[in-house]
1. Can you tell me the length gained on complete extension of the stretch Ser207 to Asp118, counting 0.36 nm per residue apart and subtracting the Cα distance?
2. What's the extension gain from His101 to Asp229 if we count 0.36 nm per residue and subtract their Cα-Cα distance?
3. Between Thr126 and Leu143, what is the label-to-label distance in nm when each label sits 7 Å out along the Cα-to-Cβ direction?
4. Using amide H atoms built in the peptide plane, which far-off residues or other-chain residues are under 5 Å from Glu128 H to H?
5. May I ask you to derive the FRET efficiency for Asp136 and Gln197 from their Cβ-Cβ distance with R0 = 35 Å, giving the value to the nearest 0.05?
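Read-outs throughout are calculated quantities, based only on the coordinates presented, and are distinct from any laboratory measurement. What you are looking at is a predicted structure, and each value in this text was computed from that prediction instead of being measured. Cβ: placed from backbone, ideal geometry, glycine included. Neighbour counts: every protein chain shown.
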Amino acid sequence: MLEENKQNEILHQLKDLPKPVLKVEKQVQMLTEIQSAEINHAKRERWQNKVTKLYVGLATVAAIFLFSFLTFQQVGEDQPESNAERGVITEYEDHPNLSEHQVALHDLYVEMPFQKADVELTKRTTDEFVMIDIIDKETEEVLYTYGEGLNEGNERLVFREIKTEKTIVRLYAFVEMDEESHKIIKVRNEYASYDPQPPRIAGETISSGSRSGKFPAEKIEILASLDLDWGNEIQNLYEGYLIGVIEK
């Protein structure tokens, strides 16, 4: 009992002690530190928000760029490219024995419906072919493209390239020639290539013949009737060209 009374007395004395009071300067210092901490915290949050927005912006720009690039690539892949074999471009050199409608390739020439003075002629050479682009002077549109193989001997591969909205067709003829008589002895083969290839070729008739009706011939024609099935559309092409051997 005595012990309990002693404890109560001590507690009562503690209650009567004056409470600690912070000086004004100390209170101002503590408030300043609190405010400074809050300001710094707010700054960090704003900085983090800016960095987050920057990252999001950069990621968005990168995504848009990637999408545009892939879309461009896809569009490019969906459209046929004309004159894919660019080669080395040089000045066209005419041959004195050719008429105004005859254009020199290598050992062979082709005939066109225009006079040479009315169009622009561009020569391109690759490892396999020499090619001539016949270009409209006003629109700069490629009207015709012809090519001849650069192989040795008396056999030559010649072609005409036809660009359509859906594909690029090449009409080939593999001919045997006699440079001394300047005549074509025979046509060994005729065929076509497509880039891109149509899903189905409904009809393909390619033939060749001598202008004189017999071989050896000074001039031969390569003619083609093509029916290309693209699923929702049948594309009918009727094309041809005329070639001969250059007298050198």
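1. Additional length available on full extension: 29.0 nm.
2. Once the chain is fully extended between His101 and Asp229, it gains 42.6 nm.
3. Label at Thr126, label at Leu143, 2.4 nm between them.
4. The answer is none.
5. With a Förster radius of 35 Å, E is 0.75.
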